[in-house]
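Below you'll find the structure, written out as structure tokens, and then a few comments.
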Amino acid sequence: MSNPFANAMSQLDKAAKIMNLDKGIHAILKQPDRVLTVSIPVKMDNGEVRVFTGYRSQFNNAMGPYKGGIRYHQNVSIDEVKALSFWMMVKCATVNIPMGGGKGGIIVDSKTLSVGELERLSRGYIQKIWREIGSDKDVPAPDMYTTPTIMGWMRDEFEKLLGQADPGVITGKAIKDGGSEGRETATAQGGVYVVKELAKKLNLNPGETKVAIQGMGNVGGFMAKILKSEGYSVVAISDSKGGVVVRNNVALDLDKVFEHKEKTGSLKDCPDTENITNEELLELPVDILVPSAMENQITTENVNNIKAKVIVEMANGPTTPEADEILKERGIILVPDVLANAGGVTVSCFEWEQNIKNERWTEAEVFAKLEPMMVQAFDEVWETKEKYSIDMRTAAFVKAIERVANKIRI
Ligand code: NAD
């Protein structure tokens with residue numbers, strides 16, 4: 001497995017060369033501003049003390065406070081957290097929100113902890129990093145295996161230590177605790193704004209555009225429903241156990257598909273559809289393929305069998321760097337994750353802004369602000385791609401790094 005931080009830095013180097021980035025700025029962006037490594041002692045339910053290791057990488061704050069989730073996973077490593085904090089910097093700058101890049105993690109298999117142990121671990125992590133976070137410094141959020149409840153414990157612990165309220169210190173909170181309306185569907189909705197802009201550029205008529213979606217969770221499920229409401233033909237969808245497809249010129253009856261999954265716990269044998277594996281879904285002859293589940297799905301193993309004209313990366317990192325090169329050679333357009341799924345972090349930024357200003361925006365207000373930001377980000381990445389004759393991923397990196405570079409003060 002290649003080192004994620006080395007991958008991130010090779011992406012930086014590539015963008016730096018294309019844009020002729022100043023050597024000093026390039027040197028600054030080759031490592032995070034600060035990485036905290038902390039030991040978190042937790043009294044377990046059986047009375048024993050276990051010590052967990054946690055990280056917080058603060059990559060760059062030229063655009064605004066560091067921003068990024070906290071991951072609980074047994075495979076968390078310092079290089080992974082550093083790489084993810086770099087990609088958060090790129091994502092925030094791609095959509096031009098006033099946030100920098102950060103990411104945190106704890107090495108833990110959270111499923112093995114009781115609720116009480118999980119709460120003590122989460123509070124213990126904040127006790128170790130609280131001096132370095134805050135709504136004007138570093139704003140964490142949920143990531144893999146962290147939830148609004150965990151964010152609530154973290155905010156509570158932070159405010160206790162600080163001795164005053166600071167609800168904007170953490171986003172991804174439940175609505176009753178100061179979370180934002182629209183956050184649940186924001187990532188999918190942002191992805192749909194991007195698809196609509198792309199359709200204009202490629203002259204795609206929604207009614208004749210077939211879409212296959214891998215994953216039907218928060219991102220894939222809402223993406224399917226919103227695309228359908230915009231007139232697109234969603235012909236295939238899957239969950240971790242496999243998927244369903246309709247062939248010929250019809251679309252899935254999504255209400256029936258979701259109902260079948262709800263009733264039976266899986267998509268298998270959903271009436272009027274054909275069962276397919278996740279591997280087969282990726283290779284369907286569709287116009288748009290939307291990976292919305294996991295990383296490393298499009299690899300050198302299957303990239304030559306991909307038949308979609310366009311890939312919209314709603315998951316983080318669904319395409320390996322090697323497969324990315326082959327897609328480029330094959331002329332398949334790929335909208336990168338840092339642009340396609342940035343609606344989520346943008347609405348997290350809106351949550352932070354509402355908390356700071358003590359405001360509450362309606363869902364309609366949230367989406368009225370999100371749409372022009374996603375459209376503008378798409379247009380800027382597209383222009384950058386044309387200007388340098390590069391792919392959209394590299395274009396997003398060039399545009400984002402240009403923005404960060406302009407804000408760095410030496
Ligand atoms: P989720 O847990 O709600 O849903 C994940 C979906 O993927 C489920 O339908 C699950 O059945 C499916 N799945 C799991 N393993 C699979 C496999 N091996 N093959 C096919 N499908 C599989 O997660 P989510 O929030 O929808 O996130 C999905 C992706 O989008 C992740 O990569 C995440 O990092 C990324 N993302 C999410 C957000 C957000 O706001 N939720 C924001 C940006 C990026």
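The values are calculated or read from the model by the stated rules, or taken from the named source; none is laboratory data. Predicted, not measured: the structure shown is a model, and the values here were computed from it. As a convention, Cβ positions derive from the backbone with ideal geometry for all residues, glycine included, and neighbour counts pool all protein chains shown. The accessibility values were calculated without ligands, DNA or RNA, using every heavy atom of the protein model including side chains. Shrake-Rupley method; radii C 1.70, N 1.55, O 1.52, S 1.80 Å.
What ³J(HN,Hα) values, in whole Hz, does the Karplus curve 6.51 cos²θ - 1.76 cosθ + 1.60 give for segment 277-288 when θ = phi - 60°, with x put for Gly and Pro?
So the Karplus estimates, Gly and Pro as x, are 8, 4, 5, 5, 4, 5, 9, 5, x, 10, 7, 10 Hz.
Calculate, for segment 184-340, the solvent-accessible area per residue in square angstrom, rolling a 1.4 angstrom probe over the heavy atoms of the protein chains. Intermediate values should be presented prior to the final figure.
Values: 6790 Å² over 157 residues.
Averaged over the residues of segment 184-340, the accessible area is 43 Å².
If each DSSP helix of 4+ residues adds -39,500 (n - 2.57) and the sum is divided by the residues in the chain, what number results at 222 nm, nearest 500 deg cm²/dmol?
Numbers: 14 runs with 187 residues, N = 410.
That comes out to -14500 deg cm²/dmol.
Can you say what percent of the DSSP beta bridges in the chain, counting only those with both residues inside, are antiparallel? Round to 5.
If we restrict to bridges inside the chain, about 50 percent are antiparallel.
Can you give me the % of accessible surface on the chain that is carbon or sulfur? Probe 1.4 Å, all protein chains present, nothing else counted.
48 percent
Among the listed pairs 173/241; 241/268; 23/67, which have their C-alpha atoms separated by more than 18 angstrom in this model?
Pairs exceeding the cut-off: 173/241; 23/67.
How much accessible area does residue 28 have with a 1.4 Å probe, in Å² rounded to the nearest 10?
Only protein atoms counted, so the area is about 60 Å².
Counting only DSSP beta bridges with both residues in segment 32-180, what percent are antiparallel, rounded to the nearest 5?
Taking every DSSP beta bridge with both residues in segment 32-180, the antiparallel ones total about 65 percent.
With r defined as the distance between the Cβ atoms of residue 184 and residue 23 and R0 fixed at 35 Å, what FRET efficiency is calculated, to the nearest 0.05?
Given R0 = 35 Å and the Cβ-Cβ separation, E is 0.20.
How about segment 2-40: which trypsin sites (Lys or Arg not before Pro) there lie in a loop by DSSP and see at most 14 other Cβ atoms within 10 Å?
On the way: sites: 14, 17, 23, 30, 34; in loops: 30.
Counting only loop positions with at most 14 other Cβ atoms within 10 Å, the trypsin sites (Lys or Arg not before Pro) in segment 2-40 are 30.
Please give the peptides 94-103, 256-265, 342-351, 163-172 ranked by average Cβ packing (other Cβ atoms within 10 Å per residue), highest first, as a rough proxy for protection.
Ranked by mean Cβ neighbours within 10 Å, highest first: 342-351, 94-103, 163-172, 256-265.
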